[in-house]
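Inspection log for the structure reproduced underneath, given as structure tokens.
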Amino acid sequence: MMGIATMVLFSLSCEKGLKPDVYSSLSTSTFFKSASDASAAVTAMYTGMLGGNNYEAGWSGSNNGWKIQSSMETDETVCSWGWSGWKRMNQLQFSIDDDVITGIYSAMMPYISQITMDIAAISSISMGANLKAQYIAELKALRAHYSQILFQLYGPVPIRLDPVEAADPNAKPIPRPSKDSMVSYIENDYKAAAAVLPSVFSGSDYGRFTSTACLTGLMKLYMSQRRWQDAVTVGEKIKTMGFQLITNYADNFSYTNKGGNSEIILAVPCNASAYLSYNNWLADVLPPSPAYYDPSLPSDQSLNEWGGYKMPWTTYNKFDPTDKRLSVLLGKYPVDASGTLFDAQNGSTINGTYYPPLLGAIPKKYGADPTSTTGVMGTDIVVYRYADVELLLAEALNEANSGPTNEAYDLVNDVRNRAGLSPYAYGSLTYSTFHGKIMDERLFELWCEGQRREDMIRWGTFIQYAASQGSPFATANDTLYPLPQKVITETGGVVKQNAGY
């Protein structure tokens, strides 16, 4: 997608002190003169999908990003590295002094302000009307997406929609909006963008926001607010947009799938050789000893770097042993060309050396990049898939109708059939039992895709799970992170801290 990692990022902050690095001296007096300037500005805003200059963040796999934090704070993953921050995530021990927790706010707020300024600037450029409308729609989609992530993590945040104020670091501080105001602002941006953008982009434009991606984000917003009928309406519209499940689950995460398929709604195109544009998931999950063996790769290419992330065995053991999705969630894995397997759950003796059990199963998920020469990959990162929409729609139908409809059964069974599992018979489940099946199926289908935290918060199991694992810190306040203390201090208390911090 337009070489996102190599584009300039020139941002101002919506609040003093929250400024990313400036990679260009271009200003509005020398920039925003042509369609190519507008294109560069839009492309620069896509860098936020991987956290911009915030090392390995966003939809990437490292600790600064929302995807892995979503996973570590739930039943999906634990980490075998020594850093104490992983345990703090597991236990929901959040602090205003923890830059990993507050850093997403500091990284993303400048993007949102810059997008607001870019929309105003592009509006004044003399260029083709259709292309201008597309660029503005993409920016609104990105602003909605980034705002929604902040809303999920921190609650309502003080976003400026006036481009003049957004550009002024000395603008008078504004308070946090109401929840309804924040939801309405995100909703309006998604709707405005969806009305303009095509349902798919392909070729060099793959990875841009589409109308389908906007509607998926909107559906997730409605689900978080328990607006079930609104979620049903949007989900039914997405059903008409030409997406369907592909035959093989694992192919969604394969390097050969670059450019997308009929199931992927939104992805982040990656490049193994471009700084902060790579997929580092395999380096984070594959253990160095005993090393994972991939027969498809050159013998001198090592996939094993740090190998910290694991799925707890209590979670892994919930899967049906015949579930085809276990092909990329490894309780056992090959260590040599002869097919020798290491039993990660029980330990194994290999060539006379005993290797003890691991902390959990290996959430391999993503396939290797045969063109890479290091431990990071160019395999695209999946953001939204149609399977996610099907399960959300099934859940919303169950909620809206106080029990599952035949359509809800069909949607869940479509996902289960692909996994090689038996379908649920019409009428066999009550409202509550169907809800429980949805909770399980979303785990089995979407593990480590950045969806679990919001799912568990919606279901009311987020705090409950941490407490059940012995966390002495988990309270009702922990569904939200603290804002950075500098925001409270520099606004003179105009911006209020979240409860409990």
Go through the stretch 239-280 and report how many residues are touching a Ser or Thr at 6+ places or on another chain (Cβ under 8 Å), more than 20 Å from Leu50 (Cβ to Cβ) and at pLDDT below 95. 0
What are the residues in the stretch 308-343 that are touching a residue at least 40 places away in the same chain (Cβ under 8 Å), of a type in the set (Gly, Ala, Ser) and surrounded by 15 or more Cβ atoms within 10 Å (Cβ to Cβ), if any? Gly308
For the stretch 156-170, how many residues meet the condition of being closer than 18 Å to Leu483 by Cβ and touching a helix residue (DSSP H, G or I) at 6+ places or on another chain (Cβ under 7 Å)? 4
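Are there any helices (runs of 4 or more DSSP H) wholly within the stretch 412-482 with 3 or more residues that are among the acidic types (Asp, Glu), and if so which?
Working: elements: 431-446, 452-459, 462-468.
Counting at least 3 such residues, we get 431-446.
Kindly check whether there is at least one residue in the stretch 432-451 that is among the basic types (Lys, Arg) and either within 16 Å of the chain's Cα centre (by Cα) or closer than 19 Å to Glu407 by Cβ (or both).
As a first pass, look at the stretch 432-451 and keep what is among the basic types (Lys, Arg): 437, 442.
Then drop every residue that is not either within 16 Å of the chain's Cα centre (by Cα) or closer than 19 Å to Glu407 by Cβ (or both), which leaves 437, 442.
Looking through the stretch 432-451, at least one residue is among the basic types (Lys, Arg) and either within 16 Å of the chain's Cα centre (by Cα) or closer than 19 Å to Glu407 by Cβ (or both).
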Lone unmet requirement of (1) farther than 12 Å from Asp75 by Cα; (2) out of contact with any helix residue (DSSP H, G or I) (no Cβ under 8 Å at 6 or more places or on another chain); (3) free of Cβ contacts under 8 Å to residues at least 60 places away in the same chain for Gln464: (1)
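If you check Tyr316, Tyr309, Tyr293, Tyr354, which single one turns out to be in the same structural domain as Ile381 (by TED's automatic domain parsing) and at pLDDT below 95? Please lay out each step first, then the result.
Working: Tyr316 fails: at pLDDT below 95; Tyr309 fails: at pLDDT below 95; Tyr354 fails: at pLDDT below 95.
Within the list Tyr316, Tyr309, Tyr293, Tyr354, the selection yields Tyr293.
Can Tyr249 be described as among the aromatic types (Phe, Trp, Tyr), touching a Gly at 6+ places or on another chain (Cβ under 6 Å) and in the same structural domain as Val382 (by TED's automatic domain parsing)? It would help to see each step written out before you state the result.
Values: among the aromatic types (Phe, Trp, Tyr): yes; touching a Gly at 6+ places or on another chain (Cβ under 6 Å): no; in the same structural domain as Val382 (by TED's automatic domain parsing): yes.
Judged against the criteria, Tyr249 is not a match.
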So if I check each of Leu297, Leu282, which one is surrounded by fewer than 19 Cβ atoms within 10 Å (Cβ to Cβ) and out of contact with any helix residue (DSSP H, G or I) (no Cβ under 6 Å at 6 or more places or on another chain)? Leu297
In the stretch 332-363, the residues that are within 14 Å of Leu286 (Cβ to Cβ), in a strand (DSSP E or B) and β-branched (Val, Ile, Thr): Ile362
Say we look at the stretch 372-425 and pick out the residues that are touching a Leu at 6+ places or on another chain (Cβ under 7 Å) and charged (D, E, K, R); which of these is surrounded by the most Cβ atoms within 10 Å (Cβ to Cβ)? Glu390
I'd like to check something: does the stretch 330-347 contain any residue that is among the basic types (Lys, Arg) and under 18 Å from Lys67 (Cβ atoms)? no
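The values are calculated or read from the model by the stated rules, or taken from the named source; none is laboratory data. Remember, it's a predicted structure, so these values are computed and weren't measured experimentally. Every residue, glycine as well, gets a Cβ built from its backbone with ideal geometry; the counts of neighbours run over all protein chains shown.
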